[in-house]
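The values are calculated or read from the model by the stated rules, or taken from the named source; none is laboratory data. In this text the structure is predicted, and so the values were computed from the model without any measurement. Counting neighbours? That spans all protein chains shown, and the Cβs are built from the backbone with ideal geometry, glycine included. Side chains are part of the model used for accessible areas, which takes the heavy atoms of the whole protein and leaves out ligands, DNA and RNA. Shrake-Rupley method; radii C 1.70, N 1.55, O 1.52, S 1.80 Å.
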Amino acid sequence: TLWGSSEPRPPAAGPGQPSPQQRTETLGFYESDRGRKKKRSLSDLSLLRFISAELTRGYFLEHNEAKYTERRERVYTCMRIPKELEKLMFFGIFLCLDAFLYVFTLLPLRVFLAMFRFITLPCYGLRDRRLLQPAQVCDMLKGVILVICYFMMHYVDYSMMYHLIRGQSVIKLYIIYNMLEVADRLISSFGQDILDALYWTATEPKERKRAHIGVIPHFIMAVLYVFLHAILIMVQATTLNVAFNSHNKSLLTIMMSNNFVEIKGSVFKKFEKNNLFQMSNSDIKERFTNYVLLLIVCLRNMEQFSWNPDHFWVLFPDVCMVVASEIAVDIVKHAFITKFNDITADVYSEYRASLAFDLVSSRQKNAYTDYSDSVSRRMGFIPLPLAVLLIRVVTSSIKVQGVLAYVCVVLFYCGLISLKVLNSIVLLGKSCQYVKEAKMEEKLFNPVPTATPGKPAGKQQGTFKSTQGISTDENGSTSVTNQPVHQKESMPSLLITSNSDQFLTTPDGEEKDISQDSSELKHRSAKKDLLEIDRFTICGNRID
């Protein structure tokens with residue numbers, strides 16, 4: 001250390017080592033070079049260089065190939081939805097038309113044949129215990145209900161109802177129309193049960209003659225139901241007529257906007273294939289009912305203007321607007337439901353095959369129900385109230401006077417029969433084609449399970465091997481249009497049921513030994529079958 005100083009002296013530089021002064025100069029050089037590099041890097045972060053990097057930056061979509069392929073498939077599915085949906089709607093509307101034309105064409109002829117058999121029965125002698133076949137009894141009941149409700153509708157004044165509704169405000173009419181739509185769905189779901197109860201009560205085997213008295217209260221309930229439902233549809237048609245005849249068309253616009261509110265109530269809910277099938281059936285029924293309501297509105301308006309053809313072209317744009325809005329709402333609703341729930345567009349071909357299976361199975365030799373009743377259970381479309389209202393409107397709008405007018409009525413009736421037969425033949429051919437494409441033919445040849453009342457079909461002591469299926473004659477040709485064969489008297493308590501008409505029940509005491517896992521598996525597998533949708537809902541309108 002230096003004398004008088006406590007700081008150590010820097011060591012002397014050895015030979016070949018830099019002096020402290022040289023070290024200081026070297027460090028200063030390095031620090032100045034580092035500063036120059038830092039300034040250079042700051043100058044590189046310029047705005048032009050950032051813009052250039054953004055313009056030339058690249059990425060590779062194949063690194064996430066599965067994601068983009070899925071998005072592309074969703075786009076293709078949305079583009080296929082209108083075509084596949086309208087195919088289903090087109091087929092379903094003609095199914096409803098076939099069931100609707102049956103009431104006007106073949107039902108009166110079948111009632112006439114049943115009455116002829118009943119009158120001439122003493123001439124041939126009573127060969128069996130039944131006076132009439134079950135199908136003939138049901139036809140007689142339908143015909144009597146139709147005639148009684150038609151005469152009851154004469155006491156309802158359509159003109160008074162029109163002016164009463166027209167005097168209400170627009171908002172009140174909008175609320176009334178929404179309430180009528182809800183009431184129509186509710187009363188349809190309960191009405192088919194009333195009719196089925198009447199048919200079964202009238203045709204079930206009875207040991208005592210006194211048991212036939214139970215048909216009377218069921219018949220009264222059925223008449224009241226058809227009459228009230230016909231009045232409800234008449235109020236709907238009257239409200240729609242008021243909307244057409246309003247000056248500013250504001251009510252018609254509000255009623256059309258109600259269809260778009262339906263999108264909000266259904267699109268953002270979780271849907272499975274079975275739920276979507278229920279909603280598709282409900283849309284088919286709703287669209288066909290709207291077509292009939294539009295026909296009623298046009299008939300009433302043309303009558304008021306003395307059947308002037310020029311007035312029809314005044315109504316035509318409004319009719320097209322209502323139909324187009326209904327189609328657009330259905331397409332948008334189904335497109336987004338399938339998108340949000342990852343459902344493919346091929347599911348609509350399965351729905352169409354399921355409806356076709358109902359038609360083919362109802363034409364078999366041992367069919368358990370009439371086709372019109374099958375459509376009613378599947379779609380919730382009950383043709384009797386709508387037919388009563390249409391007959392009432394047509395008879396009050398068109399006056400038949402003179403021999404020529406009656407000849408025209410007969411020719412028109414023959415034309416309706418021809419249309420019904422042609423429609424049935426085409427539908428049956430298309431249905432067989434759809435069933436073959438869906439590979440559902442083996443279900444037609446399966447034996448039908450039998451069940452006694454109060455017990456499930458799987459617990460019967462003996463099984464009735466039915467010949468239900470596409471029957472083959474001696475020449476080898478198949479037939480699906482044979483009449484049902486009368487069952488033997490030794491089996492009066494057996495009910496022929498189909499796989500699509502067995503209701504889910506909780507296990508009975510005899511089934512407690514079955515494990516819970518197997519029951520859940522059966523429930524889960526049964527829920528996936530489209531032919532069993534009607535067991536989860538009464539008429540296809542209520543979504544569980």
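Some notes on this structure:
- Across the range 336-351, the number of residues qualifying as closer than 14 Å to GLU86 by Cα and more than 15 Å from the chain's Cα centre (by Cα) comes to 2.
- Looking only at the range 382-413, and only at residues there that are farther than 18 Å from LEU295 by Cα, surrounded by fewer than 11 Cβ atoms within 10 Å (Cβ to Cβ) and of a type outside the set (Val, Ile, Thr), the one that is modelled with the highest pLDDT: LEU411
- Within the range 51-85, restricting attention to residues that are touching a residue at least 12 places away in the same chain (Cβ under 8 Å) and open to solvent by less than 90 Å² (accessible area, probe 1.4 Å), the residue that is farthest from the chain's Cα centre (by Cα) is ARG74.
- Residues in the range 371-404 that are of a type outside the set (Gly, Ala, Ser) and outside any helix (DSSP H, G or I): PHE381, ILE382, ILE398, LYS399, VAL400, GLN401.
- Some residue of the range 235-255 being of a type in the set (A, V, I, L, M, F, W, C) and within 21 Å of the chain's Cα centre (by Cα): no
- Residues within the range 97-125 that are of a type in the set (Ser, Thr, Tyr) and either more than 25 Å from THR289 (Cβ to Cβ) or surrounded by fewer than 17 Cβ atoms within 10 Å (Cβ to Cβ) (or both), tallied: 2
- Screening the candidates ALA237, ALA197, ALA230 for the property of being open to solvent by less than 50 Å² (accessible area, probe 1.4 Å) and in contact with a His (Cβ under 6 Å, 6 or more places away or on another chain) yields one hit, ALA197.
- Enumerated helices (runs of 4 or more DSSP H) restricted to the range 245-353, each holding at least 2 residues that are open to solvent by 10 Å² or more (accessible area, probe 1.4 Å), modelled with pLDDT under 90 and among the β-branched types (Val, Ile, Thr): 250-267, 309-340
- Members of the range 248-276 that are under 23 Å from TYR174 (Cβ atoms) and among the basic types (Lys, Arg): LYS249, LYS264
- Filter result for PHE219 (assigned to a helix (DSSP H, G or I), open to solvent by 90 Å² or more (accessible area, probe 1.4 Å) and closer than 18 Å to PRO385 by Cα): no
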